[in-house]
Each structure stands twice: as C-alpha cells, then as structure tokens.
1. How about segment 168-201: which of its residues are under 21 Å from LEU444 (Cβ atoms) and out of contact with any helix residue (DSSP H, G or I) (no Cβ under 9 Å at 6 or more places or on another chain)?
2. Of the numbered conditions (1) in contact with a strand residue (DSSP E or B) (Cβ under 9 Å, 6 or more places away or on another chain); (2) in a helix (DSSP H, G or I); (3) assigned by the TED database to the domain that holds LEU309, CYS213 fails exactly one; give the number of that condition.
3. Being open to solvent by 20 Å² or more (accessible area, probe 1.4 Å) and not acidic (Asp, Glu) is the filter here, so list the residues in segment 185-203 that pass it.
4. Of a type in the set (Gly, Ala, Ser) and either open to solvent by less than 10 Å² (accessible area, probe 1.4 Å) or in contact with a Pro (Cβ under 7 Å, 6 or more places away or on another chain) (or both): which single residue out of ALA223, ALA311 fits that description?
5. Just the residues that are farther than 13 Å from LEU84 by Cα and over 23 Å from the mean Cα position of the chain (by Cα), please, taken from segment 182-203.
6. Determine the pairs where a residue that is part of a loop (DSSP other than H, G, I, E, B), located within segment 183-199, has a partner that is surrounded by fewer than 16 Cβ atoms within 10 Å (Cβ to Cβ) with Cβ atoms under 6 Å apart, the partner being 6 or more residues away or on another chain.
7. Considering only segment 127-139, I want to know if a residue exists there that is among the aliphatic types (A, V, I, L, M) and more than 24 Å from GLU185 (Cβ to Cβ).
8. Of the residues VAL149, VAL179, which is modelled with pLDDT of 95 or more and either surrounded by fewer than 18 Cβ atoms within 10 Å (Cβ to Cβ) or more than 26 Å from the chain's Cα centre (by Cα) (or both)?
Amino acid sequence: QHEFNYQKLSAEKKWTEEVAPPHLSKQQSSPHLPKAPVSLHKFNGAGGNLDSEKLWKLPEDRDFVPCVQPSSNYTTPDKTRGYLLVRTNGGLSQMRTGICDMVAVARIINATLVVPELDKRSFWRDTSNFSDVFDEDHFINALANDVKVVKKLPKELSSATKIVKHFKSMSSFKYYRDVIGSLWEEYRVIRAAKFDSRLTNNDLPSDIQKLRCRACYEALRFAPQIEAMGKLLVDRMRSYGHFIALHLRFEKDMLAYSGCTHGLSNAEAKELETIRDETANWKVKEIDATEQRYRGQCPLTPKEVGIFLNALGFPSETPIYIAAGEIYGGVTHMADLRSRYPLLMSKENLASVAELEPFTNHSSQMAALDYIVSVESDVFIPSYSGNMARAVEGHRRFLGHRKTISPDRQGSPRRRGGSVPGTKSMESTHSEEAFYTNPLPDCLCQRASQNVNTSIRESNRKVDRSMQKEHLLLLKVL
C-alpha cells in the first residue's frame, strides 16, 4: 500500500512544479492563436455524443501502477572504482534512453558517472549542453542513492590512464560486470565510445530494471525553462478541449535516412538521396524505396494519416498538435491532411516568435517541447514507430496507460514482447520490444484488490487473445 501511494503521487505529478516565469504566464496567449469553433466545445462536452466520449476514453489499466522502488537488499553506492565518460548520439529520445542505460551500467560496474555530453555532430548540429536540455542538479540529486554523478571529471584525473571502449550492442549484466568491470584493473577512466542500445531489454536483475525506470521517468527531467514552455503549450492546447498529439515523422532527415520517397516528386527524391550520400555517418546509401515501404519501414504520409484518423471516427473539428520538426514539402504535402482536419497546431503557431526564441536554433530543445505535449496529450498517435514514438509510448504507459493509438493497439497493459520466433543470436535480441517502449512487467505492478481475483498471468493471456483478434481483424481490413 505504501508503494502504491508513493507511485500514485508520482504519477499525478505535472511536468512543471515551478511557477512559470512572467513571460510564460498561462494567462498570456499567442496573438495569432486560432479560435476553436463553437461546435468543438459541444464535441468535447461531458454530456456529448457517446461515440465522441469513446474516442477519448482511456484504455483499461487493470490496476497496473508504477513500482520502481528498489528491493530491501539494495544499497547506496559503495566507493566507486573509477569514472565513466559517455557521449550521446542521435536525436533527443535516442539520447534519453542512452543516458538512462548508462546510469544502469554505472551501477553495474560501480562507476562514478560524469554528466553525459550531448551529441553535437549529428545531422542537426545542435550545440546544446546537458544542462540546456535537462535539469542537471535534479538528475544528480535524484540518483544519489543509486549512482554517484559528477558534473566534470576531477582535474587530478585529466592525465590519468583512460580507455575508449566500444560497448557491445544489447549487452547483458554479466558482460558489463565481468568484461567492462575488469578494465578497472588497468584504467581509472572508461569512455564509452557510443552508447545507444548498449543494454539488453530483458533478463536483467529486477533492481537494475527499476533503476532504468527511475532514471528515465523521475531523474531525467527537462530543464526548468523547457518544462515551463512545454506546460504553456499544453495549457493552450487544452483551451480547445481534448486534443491529439500527432507525431508526424515526415521530416527531411527521417525521409533521407530511411530512403522513403512514396508520394514525393522526382526532384524531392533526388534531394533526399543527395543528403543521404553526403551524411558520412549514415552507412547505407543505396535504398530501394518501394521495398522499404513494403517492409513497413516508412512513415505514413500526411495524407494517409488523415485517412487513418477519419477511419477511427475523429471528426474534422478535432484539435491536433503536430509534434514534429519542419514537414518536408510543407504546404504541398500537408494540404490533404489540413483539408480533413483544419485545426492543426504546432509550437510555432501556439507560441509567439519571442516565446520560442530561446529554443529555436536547438533541435533537441524544440524536440523536448514536442515530447512534453505528446506525453500530456489526451491521445498520442505516431505515424512511424521511431525512437520518439517508442519513448513517448513507454512514458505514457508508466503514467497510467494513457491512450496511444497505433494501427493494432491503443495502449492498454500488456507484457513486453520477446524476440520473434525463429530468429537467432543478435538478430533475436534486436527483434525484442524495446524496454523503454513497454516497462511492463519490470516497472509496473498490478495492485492487489478484493474485487480483482485474476492473476497477472491470466490478465496477460486475455490481452494476448485480444491482440490476436485485433491482428486478424487488421489483416482482414488490409
């Protein structure tokens, strides 16, 4: 009961507990903010149409609540054996999950973690430091009972013997404890050359899995100015009533990287090919766009998203927040979606130029604003199962299984999927559902209740049967 009460309070916490600075007061509104049509308020009313209520209804959570407190034999960090240096890579969500994994690795190898360096060399060329994107002091203090974290490597160790180590992808507890841990015999500082997806999803000690969740959902909070701006955007979207956050992954970098050109002109396809050829760290250059699409490796186009939303039953006056960077092709490729759903909003038209100015030239900070609105939205719909989509889905599951709609599911509790049958070794590990997409069963427990006699195992069997039916129905529709 104590665990449940603690986690209930954690789950109810809002993104921003600090008072927003005067220039971000919720009473202010952007002068060019579109007005909601009268019919929209009727649509969102508590006594409105039964079908509309069903659209916004949360999935059954079956009494699953966060349970991330460590076990009784979990101890505070011993005297550490050395320092772990890490540099992130990729976009915001890739950096988030990598940071949380390295917190767990530091615990496993008994290291002091130096605050990670953020990626400044990727496609976006963002110059942000850790403290520009995340609340550095909160991160350090929140992990004090788990891992010692310092802002900089001590000066006396600047000339110490170091090793740059490429950690193996999807590695186990034993690999870090025995292989990486043995490096302390010769070195006082270990630098992780790359650290996205370096820790396996499954088969880790329970306390390590719970630490990953504490790091991700409690310690890794955005910087105060980002949290304040994110909350302001949420408040302005809420003025329209219930709203969808649509992660429309139809940006230039994503299309260039994936080689997806469906619905684009020949000139656009050629431009994306040139970008891919000229980006040195993108190893795959020759991509068959048609084959990519058949394999499900491409995002839905904006037009296809509009068709999907309409088929789900969302009326044309539904408020939609576009959680994305600049959409490739702009007005041209957004025309069909906008004709179906004219009430499309983004951070750029919810906030003034002056309000966004501190974040505008920093892609990770702009992405953080979208992340906050996506987590807090009534319904989250990704057009592609990329890093941000998976991270937001997992975060929403942790906060109470908030509604997330993919073509075959809506966010209700289910156990994390294992490897695809028939796959072997590393291919099998990579086919597992990502830990941060679905933290059940490691960080979510079913609350005991006199009215609930079904076990977790039986509940999961029911969910599996339900998912099988949904898949069959989806295949029939396709």
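The values are calculated or read from the model by the stated rules, or taken from the named source; none is laboratory data. Remember, predicted model here, so these are calculated numbers, not experimental data. FYI the Cβ positions are ideal-geometry reconstructions off the backbone, even for glycines, and counts take in every protein chain you see. Protein only, heavy atoms only, side chains kept; ligands, DNA and RNA dropped before computing areas. Shrake-Rupley method; radii C 1.70, N 1.55, O 1.52, S 1.80 Å.
1. Of everything in segment 168-201, nothing turns out to be under 21 Å from LEU444 (Cβ atoms) and out of contact with any helix residue (DSSP H, G or I) (no Cβ under 9 Å at 6 or more places or on another chain).
2. The single condition CYS213 does not satisfy is (3).
3. Those that are open to solvent by 20 Å² or more (accessible area, probe 1.4 Å) and not acidic (Asp, Glu): TYR187, ARG188, ARG191, ALA193, LYS194, SER197, ARG198, ASN202.
4. Numbers: ALA311 fails: either open to solvent by less than 10 Å² (accessible area, probe 1.4 Å) or in contact with a Pro (Cβ under 7 Å, 6 or more places away or on another chain) (or both).
Going through ALA223, ALA311 in turn, the sole match is ALA223.
5. Initially, segment 182-203 is screened for residues farther than 13 Å from LEU84 by Cα, giving 182, 185-186, 196-203.
Result: SER182, GLU185, GLU186.
6. Partner pairs satisfying both residue conditions: TYR187/THR161; TYR187/ILE163; ARG188/ALA160; ALA193/VAL164; ALA193/HIS166; SER197/SER169.
7. The initial filter retains those residues of segment 127-139 that are among the aliphatic types (A, V, I, L, M), namely 133.
With the extra rule that they be more than 24 Å from GLU185 (Cβ to Cβ), the set shrinks to 133.
Yes, that holds for at least one residue.
8. One residue alone meets the criteria, VAL179.
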